[in-house]
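**Q** Attaching a single structure in structure tokens format; questions to follow.
The values are calculated or read from the model by the stated rules, or taken from the named source; none is laboratory data. This structure is a prediction, so every number in the text was calculated from the model and none was measured. As a convention, Cβ positions derive from the backbone with ideal geometry for all residues, glycine included, and neighbour counts pool all protein chains shown. Side chains included, ligands, DNA and RNA excluded: accessible areas come from the protein's heavy atoms. Shrake-Rupley method; radii C 1.70, N 1.55, O 1.52, S 1.80 Å.
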Amino acid sequence: MLNIPQQIQDAVAVIRNRWAGVPKVGIILGTGLGGVARRIETEAMFSYEEIPHFPVSTATSHAGNLICGKFQGMDVVAMEGRFHAYEGYSYQQITFPVRVMKALGADLLIVSNACGGMNPQFRQGDLMVIEDHINLMGGNPLVGINEDSLGDRFPDMCEPYTRELVDAAMEIALRNGIVAHRGVYVGVLGPNLETRAEYRFLRAIGADVVGMSTIPEVIVAVHSQMRVLGLSIVTDMALPDALKPANVEEIIATANAAEPKLSQIVLEILEREAK
């Protein structure tokens, strides 16, 4: 049986050996947040291989580094690249870095992703501020014996994404002329994309976008009593009656083009937290 608290201590000890900061914010720099990484004043950087019990990211365009440093004088810790269940990792492994961020001191998790848009009012390149999610990933990182020291057995999920932060992100987008929507993210296992029938089903149950990440990390953040802000880039449209084969290069290009807009929202949220 895994001794998660001990594994967390092992990872924290390695980080503390080179960095004494107490981060207020943990950031998962998924697709579209490279600009935020460049604004962090790096004080220590760890490849994932250096940190005990961290998986290694194999996803396209994910660097695989933990950045520890400052943003406007505020300590932050950021993951360049995340882990996915489709890479073969367990949900406990995927979310282990969130546990470590919490143990280092973070009480806010900011997470981003690329997704397929199913809401016909959305357009490729738009942003979506996640206000709720549907977990169809076939697993949950909290399955197993609960570690009471880490969180409650039955964490409440009535507000997994902090409403105040959702409102703030939408206000920032409006003020900066950024097209952003509130919406529901559905998480699926992947790595294949969905069939036309599956897109119709996902839209029918209330999802606006679909992706293969984010939800496990958010569940653990809520279990850890962290505030959460989730942001999505609509990198391709998944409209069943106008479906065409996905192009990975085009998806990455769309994400890169949207990066300044996503980064602007996150940077202004961080400025609020630093005050």
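**Q** Quick check on segment 1-156: take the gyration tensor over C-alpha atoms, sort the square-rooted eigenvalues as a ≥ b ≥ c, and tell me if it's rounded (a/c under 1.5), prolate or oblate. Each step should come with its number before you reach the end.
**A** Details: a/c = 1.64, a/b = 1.13, b/c = 1.45.
Oblate shape, in that a/c is at least 1.5 and b/c is the bigger or equal ratio.
**Q** Spin-label point model (7 Å from Cα, Cβ direction): what's the Asp167 to Asn17 distance in nm?
**A** About 4.6 nm, to one decimal.
**Q** If you take every DSSP beta bridge fully contained in the chain, what fraction is antiparallel? Give it as a percent rounded to 5. Kindly include the intermediate steps, with their values, before the conclusion.
**A** Values: 18 of 49 bridges.
Antiparallel bridges make up about 35 percent of those DSSP assigns within the chain.
**Q** Here is a further query. Within segment 1-124, what percent of beta bridges assigned by DSSP are antiparallel, to the nearest 5?
**A** Details: 13 of 22 bridges.
Within segment 1-124, antiparallel bridges account for around 60 percent of the total.
**Q** Something else now. Express in whole angstrom the spacing between the alpha-carbon centres of segment 11-27 and segment 44-123.
**A** If we compute the Cα centre of each part, the gap is 14 Å.
**Q** Related question: Just to confirm, what accessible area per residue do you get for the chain at 1.4 Å probe, in whole Å²? Spell out each step's value before the answer.
**A** Details: 11820 Å² over 275 residues.
Per-residue value: 43 Å².
**Q** Using the membrane-span-like helix rule (whole DSSP H runs, Cα extent along the own axis of at least 27 Å, mean Kyte-Doolittle hydropathy at least 0.0), which helices of the chain qualify?
**A** Values: long enough: 248-274 (36 Å, 0.27).
Helices meeting the criterion: 248-274.
**Q** Along the charge dipole of the chain, which of Val179, Ile145, Val76 sits closest to the positive end, that is, farthest toward it, with unit charges on the beta carbon of Lys, Arg, Asp and Glu (+1, +1, -1, -1)?
**A** With unit charges placed on the Cβ atoms, the residue in question is Val179.
**Q** Extension gain Arg175-Ala197, at 0.36 nm per residue separation less the Cα-Cα distance, in nm? Walk me through the intermediate numbers first.
**A** Working: separation 22, 0.36 × 22 = 7.92 nm, distance 3.80 nm.
Full-extension gain reported as 4.1 nm.
**Q** For every helix of n ≥ 4 consecutive DSSP H residues, a contribution of -39,500 (n - 2.57) applies; sum these over the chain, divide by its total residues, and give [θ] at 222 nm rounded to the nearest 500 deg cm²/dmol. Don't skip to the end; give the middle numbers.
**A** On the way: 7 runs with 91 residues, N = 275.
Roughly -10500 deg cm²/dmol at 222 nm, from the helical runs in the chain.
**Q** Restrict the search to segment 134-233; then list the trypsin sites (Lys or Arg not before Pro) that DSSP places in a loop and that have at most 16 other Cβ atoms within 10 Å of their Cβ.
**A** Details: sites: Arg153, Arg163, Arg175, Arg182, Arg196, Arg200, Arg203, Arg227; in loops: Arg153.
Those that pass, being in a loop and sparsely packed, are Arg153.
**Q** According to a simple spin-label model (label point 7 Å from Cα along Cα-to-Cβ), what is the distance in nm between Asn3 and Asp156?
**A** Going from the Asp156 label point to the Asn3 one covers 3.4 nm.
**Q** Still on this structure: Over the chain, with a single point scatterer placed on each C-alpha, what log10 of the ratio I(q)/I(0) does the Debye formula yield at q = 0.14, 0.16 1/Å?
**A** Summing over Cα pairs of the chain leads to -0.95, -1.27.
**Q** Could you sort the peptides 69-79, 206-216 by per-residue average Cβ neighbour count (10 Å cutoff), highest mean leading?
**A** On the way: 69-79: 19.8, 206-216: 24.6.
Most protected by this proxy first, the peptides run 206-216, 69-79.
**Q** Still on this structure, please answer the following. At 0.36 nm per residue, and after removing the present C-alpha to C-alpha distance, how many nm does the segment from Glu49 to Ser149 gain when stretched out fully?
**A** Numbers: separation 100, 0.36 × 100 = 36.00 nm, distance 2.66 nm.
Using 0.36 nm per residue and subtracting the Cα-Cα distance, I get 33.3 nm.
**Q** Output the peptides 134-141, 122-129, 37-44 sorted from most to least packed, where packing is the average of other Cβ atoms within 10 Å over each peptide's residues. Could you put the intermediate results ahead of the total?
**A** Values: 134-141: 16.9, 122-129: 20.0, 37-44: 14.4.
Taking the mean over residues of other Cβ atoms within 10 Å, the ranking is 122-129, 134-141, 37-44.
**Q** Return the carbon/sulfur percentage of the accessible area of the chain, one whole number, probe 1.4 Å, all protein chains in place.
**A** 51
**Q** Can you give the % of DSSP beta bridges in segment 124-231 that are antiparallel, to the nearest 5? List each step's numbers first, then the result.
**A** Details: 1 of 13 bridges.
Approximately 10 percent, going by the DSSP bridge assignments.
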